[in-house]
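Read the structure below first, then the notes.
Each reported figure results from applying straightforward, stated rules to the coordinates on display, with no laboratory input. A quick note: this is a predicted structure, and the numbers were derived from the prediction, not measured. Glycine also receives a Cβ, built like all others from the backbone with ideal geometry; neighbour counts cover every protein chain displayed.
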Amino acid sequence: MTSNHKKAIRIGKRLSEAAGYLDLGMPQHALRCIENLGDLGPFTVPAEMIRAAAAQMENRFDDAAHSFEMIARFLPSPQNKPAWLAVSDYYRQAGKNDLAIDTLACARGAAPPAIPPAS
């Protein structure tokens, strides 16, 4: 088995473990599971989904928006529209209505993302 296969298996196991912690309502444990995994490659979207879910559980809506923005930028259009919709909703919940409106336009396909890429 190559090192890439071993890394993929390790990342998959950690994501599964993190999802289990989310099911138990333990978001900080879930986040610790996916720390320091390095380049996630094809596992980027599932890892960001876990980060977003953990942030939502803790009412950290800016962090949830950031994770979904990374997902939206990772996915091609039109598959990224639901992620842009989630970004808009989390910005709305965070009280950032201007950003919510801008990202809602992305979700509807009316405009490309006008906000700078997440860092």
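Quick notes on this structure:
- Label-point gap, in nm, between H29 and S16 - each point 7 angstrom along Cα→Cβ: 1.7 nm
- Directionally averaged projected area (convex hull, Cα atoms, the chain), nm²: 7.6 nm²
- Computed lengthening from N97 to K6, 0.36 nm per intervening residue step minus Cα-Cα distance: 28.4 nm
- Panel values: region 1-58, Kirkwood radius from alpha carbon pairs, Stokes-Einstein at 20 °C and 1.002 mPa s, translational diffusion coefficient 188 µm²/s.
- Between helix 97-107 and the chain: long-axis angle, C-alpha atoms, 0 to 90°, nearest 10: 70 degrees
- When you filter the trypsin sites (Lys or Arg not before Pro) in region 20-119 for DSSP loop state and at most 14 other Cβ atoms inside 10 Å of their Cβ, you are left with R108.
- From helices alone, the chain scores -21500 deg cm²/dmol at 222 nm; the rule is -39500 (n - 2.57) for each run of n ≥ 4 DSSP H residues, then divide by the residue total.
- All other residues whose Cβ lies under 10 angstrom from that of L37 are scored, Lys and Arg at +1 and Asp and Glu at -1, for a net of +1.
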